[in-house]
Every structure is written in structure tokens, then in C-alpha cells.
1. So which residues in the range 195-212 are under 20 Å from residue 67 (Cα atoms) and touching a helix residue (DSSP H, G or I) at 6+ places or on another chain (Cβ under 7 Å), if there are any at all?
2. Going residue by residue through the range 37-52, is there one that turns out to be at pLDDT 95 or above, under 29 Å from residue 268 (Cα atoms), buried (at least 20 other Cβ atoms within 10 Å of the Cβ) and touching a Pro at 6+ places or on another chain (Cβ under 9 Å)?
3. Need the failing condition index for residue 189 against (1) over 18 Å from the mean Cα position of the chain (by Cα); (2) closer than 22 Å to residue 57 by Cα; (3) assigned to a loop (DSSP other than H, G, I, E, B); (4) of a type outside the set (A, V, I, L, M), just the number.
4. Please specify each residue of the range 137-169 satisfying the condition of being loosely packed, with under 12 Cβ neighbours inside 10 Å and hydrophobic (A, V, I, L, M, F, W, C).
5. Name the single residue, out of those in the range 1-23 being exposed (fewer than 15 other Cβ atoms within 10 Å of the Cβ) and in contact with a strand residue (DSSP E or B) (Cβ under 9 Å, 6 or more places away or on another chain), that is farthest from residue 121 (Cα to Cα).
6. Quick one: is residue 240 surrounded by fewer than 23 Cβ atoms within 10 Å (Cβ to Cβ) and under 30 Å from residue 71 (Cβ atoms)?
7. Between a first residue in the range 177-194 that is crowded, with 16+ Cβ neighbours inside 10 Å and a second residue that is of a type in the set (Asp, Glu), which pairs have beta carbons less than 7 Å apart while being 6 or more apart in sequence or on different chains?
8. Any residue at all in the range 85-100 that's modelled with pLDDT of 95 or more, crowded, with 20+ Cβ neighbours inside 10 Å, out of contact with any Pro (no Cβ under 9 Å at 6 or more places or on another chain) and part of a helix (DSSP H, G or I)?
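The values are calculated or read from the model by the stated rules, or taken from the named source; none is laboratory data. None of the values given here were measured: they were computed from a predicted structure. Please note: Cβ atoms are built from the backbone with ideal geometry, for glycine as well, and neighbour counts cover all protein chains shown.
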Amino acid sequence: MREVAVTGGDRVEAQIQLGWSINGYGVGDLVARVAEISDAAVDGLVGEYEESYTLAAPLRKGGEKRENLRYAARQELAMRAVLEAGGFGAFTTTFEDLHGLKQLPGLACQRLMADGYGFGAEGDWKTAALVRLGKVMTAGRPGGVSFIEDYTYHLVKGKERVLGAHMLEVCPSIAGDKPSLEVHPLDIGGKADPARLVFDARPGPAVNATLVDMGGRMRMIVAELDVVKPDPMPKLPTARAVWIPRPDFKRGCQGWIEAGGGHHAAFCQAVTAEEWMDFAGMAGLEVVRLGADLDLRALRNELRWNDVAFKLAR
């Protein structure tokens with residue numbers, strides 16, 4: 001996505017310090033892969049969809065949007081082939097580079113995350129890498145890890161909440177119940193209506209982790225959350241999680257903003273704050289934890305001291 005600084009960053013420094021190799025490829029390579037996928041392969045994957053999810057009526061056999069679902073299956077098979085051939089562990093997408101594709105990948109991103117790949121929307125390679133790390137750290141452990149965005153806020157007094165979601169791509173590993181497979185219009189991108197899994201995240205403790213490029217170093221922000229059961233949202237056909245930041249909505253949100261947190265994060269129900277802090281220590285990253293004991297004045301001092309300490313260390 002163009003002109004969104006928070007999803008970019010110093011890729012050379014990331015490779016030096018973290019060993020991450022971040023490369024770009026033309027979307028035409030993916031378009032060619034999509035064209036190579038056979039109808040038989042599509043049939044097989046659509047059958048898997050029918051067994052795994054509750055399909056909305058327009059996506060069932062004979063439904064008016066059945067072809068949208070079949071194209072989503074072609075995209076998933078093609079994307080999986082590209083990732084496997086390149087030996088990649090994570091990937092990003094952007095709705096500003098879709099030339100030759102009929103729809104923005106949604107379902108494919110969700111299912112690839114569920115299989116352990118990292119993902120970041122809008123070219124966000126830092127969050128894609130964190131999601132992949134979370135998947136590796138928690139292999140075989142209950143709970144889930146997903147890309148997510150601070151989507152909007154519920155500001156009813158006494159019931160303040162954060163709605164985490166994205167237009168399509170949230171991992172079903174965090175779903176509380178069987179996801180619904182649906183198709184809806186998406187004005188962004190100007191393409192056909194994409195398929196996506198719709199569900200609510202299971203309630204319970206969780207952590208958001210994000211990386212911010214501070215210009216000379218990277219800062220990891222780890223925020224503790226309590227996920228709650230959301231009110232019905234019939235006009236929001238996306239996967240979502242609703243949470244209250246610790247220690248409370250006002251201080252948690254303010255701490256995230258003052259620390260420089262972006263709108264994307266790795267949402268983790270299987271990774272603890274301590275584990276993310278351990279990783280940051282091993283990788284030599286600055287780390288800021290926002291939890292039940294958050295004191296905003298102390299946080300401001302910590303950020304000042306960290307700035308000095310990392311400049312001296314360099």
C-alpha cells in the first residue's frame with residue numbers, strides 16, 4: 001500500500017539484526033500461477049471448504065457467487081505454490097497492486113495463516129514476520145495467532161472496547177466457533193466481491209505485539225488484553241476480536257499511542273507477553289510492555305531513557 005509509513009521500515013537493518021530476508025515479486029508471477037490451476041484441483045479444495053465451514057447460500061452449488069468462491073480457491077492454490085517454491089515463511093498483500101487478479105485474496109490469506117504462514121496486509125512485512133514467529137513459538141499449543149488491526153473503538157461510557165478486525169484477513173485459529181464462509185462487496189481495490197471467513201474470536205487473555213521502526217532501531221510493543229464476547233454486528237461481515245486493553249481502555253490505548261504503536265499487530269492467544277519479551281531480549285530489540293501495572297508517567301520516562309540508552313549503545 002502506498003504512502004503508509006508504519007507498514008514499511010528498514011529492511012536492510014531487519015536482515016542484519018533479525019535475519020529476515022524481505023523480497024518483492026511482480027504480481028504477474030502470481031497471476032500466471034492462478035491460470036495454471038486445474039478445475040479438478042479447485043473442485044477438491046472447494047469440497048474441503050464445504051466440510052470445514054458453514055457456507056452462505058450464495059456460495060453453495062448453484063449459488064450466484066459460487067464462481068467467486070472457486071476463484072478464491074484458485075488463488076489459495078496458486079499462493080501456496082509460490083510460497084512453497086520459494087521456501088517463504090510469511091507474505092504480504094496490497095489492494096493497490098492487483099493487476100490481473102479478479103479479487104483481493106481474503107480466504108487464501110486466512111487459511112494460509114491457519115497453516116502457519118505469517119501475514120501482513122498493506123505490505124506490512126514486520127507484522128507478517130511477527131505472526132510467523134508467533135506460529136512457530138506456539139506450534140501444537142492451544143490458542144491462536146493472527147494478523148489484526150485496531151479497527152475502531154466502542155466509546156459507550158463504561159463499556160469502552162477496541163474492535164480488532166480487518167477487511168478480510170484474520171486467522172481462523174482464534175475463532176470461538178465454526179467460521180461462516182461468506183462473500184460481500186469490497187469497494188477498496190475495485191475488483192470482484194471476495195470470499196472471507198466471518199467469526200468472533202474466543203474470549204480470554206491475549207497479547208498484541210507490534211514492531212515499530214524508530215529510525216536506527218526497532219521497538220517491540222507488547223500489550224496485554226482481555227478479549228470479551230462482542231455484541232452482535234450484523235453489518236460488519238468480517239472476522240473480529242473485541243478486547244479491553246490492560247489496565248483499562250483509556251490508559252491502555254494511550255500507552256499504545258505514546259509508545260508509537262501502529263494500527264497492525266500480531267494478535268496472540270497462544271503467546272504470552274513474557275515470551276515476546278524473551279524474544280526481544282535475544283534479538284537485541286527495545287521492548288515496551290503495557291500491562292496491568294501500566295503507569296503512564298513511568299512509561300514516558302522509560303521511553304526517554306530507552307532512547308538515550310540505545311543511542312549510546314550504537
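1. First, the residues of the range 195-212 that are under 20 Å from residue 67 (Cα atoms): 195-198.
Passing the criteria: 195, 196, 197.
2. Among the residues of the range 37-52, not one is at pLDDT 95 or above, under 29 Å from residue 268 (Cα atoms), buried (at least 20 other Cβ atoms within 10 Å of the Cβ) and touching a Pro at 6+ places or on another chain (Cβ under 9 Å), which makes the answer no.
3. Looking at each condition in turn, residue 189 falls short on (2).
4. Scanning the range 137-169 gives 139, 155, 156.
5. Step one: filter the range 1-23 for residues exposed (fewer than 15 other Cβ atoms within 10 Å of the Cβ), giving 2-3, 5, 12, 15-17, 19, 21, 23.
From what is left, the residues that are in contact with a strand residue (DSSP E or B) (Cβ under 9 Å, 6 or more places away or on another chain) are 5, 17.
Values: 5: 13, 17: 23 Å.
Taking the candidates together, the pick is 17.
6. Numbers: surrounded by fewer than 23 Cβ atoms within 10 Å (Cβ to Cβ): yes; under 30 Å from residue 71 (Cβ atoms): yes.
It is true that residue 240 is surrounded by fewer than 23 Cβ atoms within 10 Å (Cβ to Cβ) and under 30 Å from residue 71 (Cβ atoms).
7. From residues that are crowded, with 16+ Cβ neighbours inside 10 Å, the pairs are 183/193; 184/193; 186/193.
8. no
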